1. Measuring from centroid to centroid over Cα atoms, what is the spacing of region 172-188 and region 227-249 in Å?
2. Need one word for region 142-200: rounded, prolate or oblate. Basis is the Cα gyration tensor (sqrt eigenvalues a ≥ b ≥ c); a/c below 1.5 gives rounded, then a/b vs b/c decides.
3. Given 0.36 nm per residue, what is the gain on full extension from residue 211 to residue 166 after removing their alpha carbon distance, in nm?
4. Work out the FRET efficiency for residue 232 and residue 300 from their Cβ-Cβ distance, taking R0 = 41 Å, and round it to the nearest 0.05.
5. So how many Å³ per residue does the convex hull of the Cα atoms of region 104-263 work out to?
């Protein structure tokens, strides 16, 4: 079965009143919003034990306000992240608010899958268009080693099965780690294809522990497992590059690759982030933030907030520097940024 293709940045239903651009002139049309820093898993590449969740998360009303503001500035896609966004009791309502916002073309969510089985139906009714599920292994004991004792593979797989065919886009994200899961790549591709999902392999970034595997090696390993790979020009909203893969049985589909470290994707970046505490971050690998929560609670009007956002984007560097020596020492953990 051909995996579902995510629509590539659809044309807007309405003309944006304004546009957001960074210092290099890259248009920002995609906003990732973290709903919480809390997570019931402890993935080694994302959530080091010493990181504590902040106080003062954005409320549902504040989140809706920011989505409306950014939609008016030209943002067309919202992705809800964490931590684990499904730990928010109001996650379905937050999705519905975002989906109903004029100008927003697509609402997506990234989840560890633990609560997915029970949430698939209400999320679909709320207007969720795209779903990403983290799936780092198909071996239960390995999952405990990567994500902690709370992670239950059977629950994640049940959620993925429940989600198959319910959303416009279903992607399964795998962070490839040395000595952990690099021998499962072919199995993960076939598992995703069986459910009409797009498998994606992500190069580990320097936010936590573990040893990354370069994407060039990931592709070599897939070829060694009998997959013929060829370039595919299709692009979605995010940083993934895709290849068309054909296995030894003649099955064919797309595979996504995200390589922040060895295959830099900054030149066509269209994204910015709002952390769970309201911090606006123009670059995943940056350190500077503008606290939108504090502005909202101090009574700032939308023009003031927009000016602060534009100021942060004006200072955005041409590319991240996560690949440089010492980067790990200054970066927040992934769950402190929202991915």
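Read-outs throughout are calculated quantities, based only on the coordinates presented, and are distinct from any laboratory measurement. Just so you know, these numbers come straight off a predicted model, no measurement behind them. All Cβ positions, glycine included, derive from the backbone under ideal geometry; neighbour counts span all protein chains shown.
1. Each part's Cα centre sits 17 Å from the other's.
2. oblate
3. Difference between extended and current length: 12.7 nm.
4. The computed FRET efficiency comes out at 0.40.
5. 119 Å³
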